[in-house]
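Visitor: Got a structure for you, written out below as structure tokens; questions coming shortly.
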Amino acid sequence: MSMVTKRPQLNIGELHQLKWWLGTVLGLVSVWTVAFMEVNAWWLLALATAAGVAAFVRPAWPARVPGWAHRLAFPVIVSVLIVDFLMYREPLAAFIRLNMMLIGYRMSCHRKRRDDLQLIVLGLFMVVVAGVLTVSIAFAGQILAFTACALGFLLAITLTDATGSGGVARPPAAGGAPAWSRQVRWRDLGRRVWLVSDWRLAVLGAALFAGVVMVSALLFLAIPRFEMSNSLFLDRLINRQTRTGFSDEIRFGEVTDIQQDNGLALSVDVSDPSQVPAQPYWRMVVLDEYVPGGFRVSSALRRELNQTTGRTSRLRGTARSRMDAPQWTFYFEAGVSRYLPLLGNYISIAFTEAQSVGFSDGLRVVALQRDPPRMFAYRVSGMDTSPLLPHAEFALRRRDGPAVDPADSLDEVLGPSGRQALRRINEQITGGASLPAADYARRAGEWLAQRHSYSLQSALPAGDGDLLVRWIESTAPGHCELFAGALVLLARESGFPARLVTGFRGGTWNGFSNSFTVRNANAHAWVEIFDDSASGWLRADPTPGAQMMDTDSPEARGTEELRRIADSSWSARMESLRVFWYRRIVNFDQGTQIELARVAKEAVDGTGRRLRERVDRWMEALKAWWQRPWGTQRWISVSAALALVVVFVGVWRRFGRSGWMRWRSGFARGAQHDPVRREAGRWLVRLDQGGAQSDEVRAELERLRFGPKPTWPSPTGVFNRARRALRRARR
């Protein structure tokens, strides 16, 4: 008869408590996926989290809910869904909020087996939708946590059903709660789970989970990419508003509001870092019509932008094609704008998915049909970074067409008094001389900088007439939009076509990811003034402190300039992980597969080559050592080393095992895992299998295995006597 005892197990109450704990964790992980979706459900998130935490802390509380409340729960939830859909007209957002209500309800009620499985399905829906609508690297950790919780929850459900009843969804009587929920001590349950768990099973489960993750990653790297246009159409079911204000109409102060946000706007990879300007201007929106209080895109050009090209994955530009054209890969964050940041003319733009794109030849901007719902990646080939934007067609219209005074558009807005004020100021700027566009922009910018200081907090002076003209005549401080708008009005009054441009200026170089980082705090407004001599729009930035350096000049480029603007902070390290996620996971295509396979092959080949070289060096050293003359001192050294090895093996065989057991006994988790008790159990099995008949030795082993420690005999002596008894039985 074997004397090995059975490992302790959790009772039915403890299994129910474990199942309740895992269900709560699974529900909380599921509802918090809404943080990765732009859905207005924060109040539901707080409510579901509070309900789950309260039910977790006091599992008996759900039994106090009266039965009529459970009967009304489903009609109330359906009514909320209908009202939600009728008010917001967002089907996907409504279903997400419905799902959160159901998860919160299931977390705060005693569940049957089908309710537990329903909780898993509801959580899986949240994870799948969040996975489609987000590209966040944090979501990768959350989906791994959900998978681990779901597997553990399913195991707990299976064990509970195999041991006893699956539980009751609602208590049969008001105020009655299941027995397992009345006295729950989560710390004691944790100790019990730790005691009954088998470390070999835990290691096996962790290894299997890690293996599944690794196999999934390998399949992701190996399977060819398939186009999943528009995120399975789920992103169309959520209406989003741009958070920054970069749109076809902007009011004074909106760019300043964007500058208060230090969040990431875009990251840019460039194949040739030496082509990155030290102070790049990322053009997004060009506004050519002035209205009191701001600028907007004129109706004619807006119609041009709204006439999309149809679905296309490549857009041709007007820049001249060349073999050494660098490749710029943009990772454009969601919620910034539907207008794509560009430095200037380009050869072509390639999209990861077919897009409906609008392009205005008059503004030289590219706009998507709507704001991208998540990170949007596109690649630009041969982008021109010069401050001059050529526009030959506009130059021909000005030369051959009827003379059109750019100031004519100001009559209706400014009136005679406003135009007269601008003329007086222009006389101070030019001194009555006729200046080229570049010289005029420089002098006007200097005049504005001498009269006004830069400030994010600007107040327009009170009075009659146009507000921007009032600011120009005053000495009040201003932000970039006021400086740029003032230069547009002054230039038009002088006969120069001019327009206001909004986008981003500058950025930092992330040396960890070798990419350019632009934040919302880099939002800026500047001016483009038409230069007839160059047949193009010339960039002019009148804001004080703006660098008017020619970003196309050699001194404004190169590794030294990038090193000057490099960011080595911890946030840059974290953003490098984000860029890696975008490059290798989100924007993973067949070209990246080939590149990654090549890098992996080179790494394996290099590692194998270095290993072979190291082994060859070791063998050569061993051969040289062996071939040296064997003198007396060498024989003595070798003999002493062999003797030490023999002595160590003998000491270990005699004392090492028992010493190891005594050392481990200080770290035992309980009586069932004491190394002395386990060794005694092994000797009992060996004596039974060997047929040894020694009642005295068996009694001592049973005392070591099952008795209290104060009554133990010497473990070493007992094990030695058991070894001798087993030898006698075998003879």
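The values are calculated or read from the model by the stated rules, or taken from the named source; none is laboratory data. Predicted model only: the values in this text are computed from it and were never measured. Please note: Cβ atoms are built from the backbone with ideal geometry, for glycine as well, and neighbour counts cover all protein chains shown. Remember, those area values only see protein heavy atoms, side chains included, never the ligands or the DNA or RNA. Shrake-Rupley method; radii C 1.70, N 1.55, O 1.52, S 1.80 Å.
Visitor: Which distance in nm do the two modelled labels at L622 and I82 give, with both placed 7 Å along the Cα-to-Cβ direction?
Guide: Distance between the two pseudo-spin positions: 8.3 nm.
Visitor: Separate question: When the label point is put 7 Å from the Cα of Q307 along its Cα-to-beta-carbon vector, which residues of segment 340-374 have a backbone N closer than 13 Å?
Guide: The answer is 358-362, whose backbone nitrogens lie closer than 13 Å to the label point.
Visitor: So how exposed is S639, as accessible area in Å² (1.4 Å probe, rounded to 10)?
Guide: The accessible area of S639 comes to roughly 60 Å².
Visitor: Please sort by residue number the trypsin sites (Lys or Arg not before Pro) in segment 30-138 whose DSSP state is loop and whose Cβ has at most 13 other Cβ atoms within 10 Å.
Guide: R89
Visitor: Dividing the Cα radius of gyration by the Kirkwood radius, what Rg/Rh value follows for segment 271-313?
Guide: With Rg and the Kirkwood Rh in hand, the quotient comes to 1.17.
Visitor: Counting heavy atoms of the protein chains only and a 1.4 Å probe, report the per residue accessible area for segment 337-453 as a whole number of Å².
Guide: 44 Å²
Visitor: Rank Y281, Y105 by accessible area, highest first, at a 1.4 Å probe radius?
Guide: Sorted descending by solvent-accessible area, the residues read Y105, Y281.
Visitor: Of D400, D84, which has the most accessible area with a 1.4 Å probe, and how do the rest follow in descending order?
Guide: So, going from the largest accessible area down, we get D400, D84.
Visitor: Between S455 and E412, take the C-beta separation as r, use R0 = 30 Å, and let me know the FRET efficiency to the nearest 0.05.
Guide: It comes out at approximately 0.45.
Visitor: Let me ask something additional. Rounded to the nearest 0.05, what FRET efficiency do R610 and M214 have when you use their Cβ-Cβ distance and R0 = 35 Å?
Guide: 0.90
Visitor: Pop the C-beta distance of T716 and R200 into the FRET formula with R0 = 30 Å and round what comes out to the nearest 0.05.
Guide: Efficiency for this residue pair is about 0.65.
Visitor: Right, something else. Given 0.36 nm per residue, what is the gain on full extension from R187 to L154 after removing their alpha carbon distance, in nm?
Guide: So the extension gain works out to 9.7 nm.
Visitor: Separate question: Could you please put E702, E528, E446 in sequence from largest to smallest accessible area, using a 1.4 Å probe?
Guide: Descending order: E446, E702, E528.
Visitor: Tell me, what % of the accessible area of segment 38-140 is carbon and sulfur with a 1.4 angstrom probe?
Guide: 73 percent
Visitor: Hey, another quick one. Whole number in Å², please: accessible area per residue of segment 2-131, 1.4 Å probe, ligands, DNA and RNA not counted.
Guide: Counting only protein heavy atoms, the per-residue value for segment 2-131 is 49 Å².
Visitor: Any aspartates and glutamates with Cα under 16 Å of the K623 Cα? List them, leaving off those in the same chain fewer than 8 positions away.
Guide: The reachable aspartates and glutamates, counting only those whose Cα sits under 16 Å from K623, are E613.
Visitor: Something else now. Any chance you could tell me what percent of the C-alpha pair distances in segment 20-84 go past 15 Å?
Guide: In whole percent, the share of Cα-Cα pairs in segment 20-84 beyond 15 Å is 64.
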